[in-house]
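Below you'll find the structure, written out as structure tokens, and then a few comments.
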Amino acid sequence: MRMIVTGGAGFIGSRLVRRAVELGHEVLNIDALTYAASVSSVWDLEEMPNYRLEPADITDRAIMDRLIADHRPDAILHLAAESHVDRSIEGPGVFAQTNMMGTFTLLEGARAYWTRAGQPDDFRFYQVSTDEVFGALGPEGRFTETTAYRPNSPYSATKAAGDHLVRAWHQTYGLPVLTSHASNNYGPGQHPEKFIPKILSRAIAGEAIPVYGSGAQSRDWIHVDDHVDAILTVLEAGRVGECYNIGAGCEFRNIDLARALCRLLQTRRPSHTPYTDLITHVEDRPGHDFRYAIDASKITSELGWTPRYTLEAGLAQTMDWYLTHSAWWTSILERDNRDVMGGGAAAGGWTLRDSGEVAA
Ligand code: NAD
């Protein structure tokens, strides 16, 4: 298949791109290389004849048109996004630009290309979305594909807007689309600002581990490679116009997960003072969703997908990766700190920029 992957230098995108290249697909990776990109996660792929990285912004219609026309994709897998909830609270503008206008621009580029090509049935525009569009659950129940959208953060609201555009482009213009909603991803190579890498990097550095509020909020965790397999399964066999929830049934309260990671680290790198002592409760995030939980029975029963990682095995693998790649995440933290001090990309800018990171 000829594929365009947007956001293919990000956490999930880089794993997806790697898998797609391994499977022999012709992959064009379009990524604006924001602070969230890890170019070193895809450096080695430059050697492969079926892979190319194009640093470009999805909100630029002229460039999207040119890249789509040149690559002639059978599928566009759309992952590029601003993805960090805390940053969306501090500066929602870039979230609206990328997650809403970027999706709109890409849809229009895809529609023009698909129309020129004679509207082939087997073309796919795949929107990679999140369960956060559904809002918060109470103590019971799970999100299904028919749960009403009730996004609470600027991040989830802008992702929801993107999803609605994708649905409308299918209903109105007949563009063959697919959408999936995954739960919280974890695994090697995730930016150290995200929950699990933050706990790991702080604990390894012997620094305070911040947990919002009481930590009673719970999240449903999936290993990034299980998410990638699910995306490729939906791409291959998902029914056009349908949505699929992707989750691994690993629900944990934040405080329990933080403690479990600290205990696991104690077995890997014993410390005189227990790592759990580093856990520090900090003021809760505004609009903090109480609970997410995914009902993934549709993708399992319809497409036969099931996750391979247990949370135990996935967390152990992830922890070992962060222990052996401290140069990678330390260089990212240092670079982002410099950018914040200098008001650069990490402070909300989204210009193309060189990566200051050390190889992953
Ligand atoms: P990420 O922040 O690690 O990566 C996003 C990538 O998009 C980065 O490489 C960045 O440079 C690129 N990007 C940002 N703005 C761009 C623009 N305007 N043009 C081109 N590229 C741009 O995010 P992630 O965690 O890998 O998430 C990928 C996708 O999966 C997102 O759409 C996200 O909403 C969705 N998702 C993530 C999770 C999760 O837990 N991480 C869960 C469900 C769904």
Neighbourhood charge, 13 Å Cβ-Cβ cut-off, centred on G206 and excluding it, Lys, Arg +1 and Asp, Glu -1: 0
Inter-probe distance in nm under a simple model that places probes 7 Å from Cα toward Cβ, at A359 and E302: 4.3
Per region 1-92, sqrt(5λ) over the Cα gyration tensor eigenvalues, sorted largest first, in Å, gives 22, 16, 11
Using the heavy atoms of the protein chains alone and a 1.4 angstrom probe, what is the accessible area of the chain per residue in square angstrom? 41
Taking the Cα centre of region 190-254 as origin, work out the dipole magnitude from +1 charges on Lys and Arg Cβ and -1 charges on Asp and Glu Cβ, in debye rounded to 20. 340
For the pair H281 and H325, the simple spin-label estimate (label points 7 Å beyond Cα toward Cβ) gives in nm 3.3
With every protein chain left in place and a probe of 1.4 Å, what is the accessible surface of Y173, to the nearest 10 Å²? 90
Projecting each Cα onto the charge dipole of region 72-195 (Lys/Arg +1, Asp/Glu -1 at the beta carbon, about the Cα centre), which of T147, H191, L178 comes out farthest on the positive side? L178
Using the alpha carbons of region 73-148, what is the convex hull volume per residue in cubic angstrom, as a whole number? 114
No solvent, one uniform scatterer per C-alpha: report log10 I(q)/I(0) for the chain via the Debye equation at q = 0.14 1/Å, two decimals. -1.22
Taking the Cα centre of the chain as origin, sum charge times position over the Cβ atoms of Lys and Arg (+1) and Asp and Glu (-1), and report the length of that vector in debye to the nearest 20. 240
Please give the net charge around V166, taking every other residue with its beta carbon less than 13 angstrom from that of V166, where Lys and Arg add +1 and Asp and Glu add -1. +1
Can you give the angle from 0 to 90° between the axis of helix 224-237 and the longest principal axis of the chain, with both taken from C-alpha atoms, to the nearest 10? 20
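According to the Cα gyration tensor, what semi-axes, each the square root of 5 times an eigenvalue, does the equivalent ellipsoid of region 52-92 have, listed from largest to smallest in whole Å? Kindly include the intermediate steps, with their values, before the conclusion.
Working: eigenvalues 141, 26, 14 Å².
Equivalent-ellipsoid dimensions as semi-axes: 27, 11, 8 Å.
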Please tell me the relative contact order of the chain in percent, rounded to the nearest whole number, where contacts are Cα pairs under 8 Å and at least six residues apart. 19
Please state, as a whole number in µm²/s, the translational diffusion coefficient that the Stokes-Einstein equation yields for region 287-329 at 25 °C and 0.890 mPa s, with Rh defined as the Kirkwood radius across alpha carbon pairs. 182
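Go ahead and estimate [θ] at 222 nm for the chain from helices alone: -39,500 (n - 2.57) per DSSP H run with n ≥ 4, summed, over the residue count, rounded to 500. Intermediate values should be presented prior to the final figure.
Values: 11 runs with 141 residues, N = 360.
Estimated from H runs of four or more residues: -12500 deg cm²/dmol.
Can you pull out the GluC sites (Glu not before Pro) in region 130-175 that DSSP calls coil and that have at most 10 other Cβ atoms within 10 Å?
Details: sites: E132, E140, E145; in loops: E140, E145.
Loop-located and lightly packed - E140.
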Scan around N185 for amide H atoms under 5 Å from its own, H built in the peptide plane at 1.01 Å from N, and keep only partners 5 or more places away or cross-chain. I222
Among Y113, W169, F123 - extreme Cα towards positive end, dipole of region 99-194, charges at beta-carbon: Y113
Specify the angular offset, from 0 to 90 degrees and rounded to the nearest 10, of the alpha carbon long axis of helix 154-173 from the longest principal axis of the alpha carbons in the chain. 20
Restricting to Cα pairs under 8 Å and 6 or more apart, the percent relative contact order of region 44-201 works out to 25
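Could you give the semi-axes, largest first, of the ellipsoid that matches region 143-245, computed as the square roots of 5 times the alpha carbon gyration tensor eigenvalues and rounded to whole Å?
On the way: eigenvalues 206, 57, 26 Å².
Over the Cα atoms of region 143-245, the semi-axes work out to 32, 17, 11 Å.
Report the rotationally averaged projected area of region 173-294 based on its alpha-carbon convex hull, in square nanometres. Intermediate values should be presented prior to the final figure.
Details: hull surface 37.2 nm².
Its Cα hull, projected and averaged over all orientations, spans 9.3 nm².
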M101 accessible area, nearest 10 Å², 1.4 Å probe? 90
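First measure r as the distance between the Cβ atoms of R52 and E140, then evaluate 1/(1 + (r/R0)^6) with R0 = 56 Å and state the FRET efficiency to the nearest 0.05.
Values: r = 47 Å, r/R0 = 0.85.
That pair, R52 with E140, gives E of 0.75.
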What is the Cα coordinate range of region 97-192 on the first, second and third principal axes, sorted by size from largest, in whole angstrom? 49, 32, 24
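Net charge near L264: determine it from the other residues with C-beta under 14 Å of the C-beta of L264, scoring Lys and Arg +1 and Asp and Glu -1.
Values: positive: R259, R263, R268, R269; negative: D256, E312, D320.
Every neighbour counted, the sum reads +1.
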Using alpha-carbon coordinates, inclination of helix 195-205 to the longest axis of the chain, degrees: 40
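Share of region 216-264's accessible area from carbon and sulfur, percent, 1.4 Å? Please report the intermediate quantities before stating the final value.
Details: 660 of 1480 Å².
Carbon plus sulfur share of accessible area: 45 percent.
The values are calculated or read from the model by the stated rules, or taken from the named source; none is laboratory data. Fair warning: this is a prediction, and the values are worked out from it, not measured in the lab. For neighbour counting, all protein chains shown are included, and Cβ atoms are generated from backbone atoms with ideal geometry for every residue, glycine included. Surface accessibility is based on the protein's heavy atoms, side chains included, excluding ligands, DNA and RNA. Shrake-Rupley method; radii C 1.70, N 1.55, O 1.52, S 1.80 Å.
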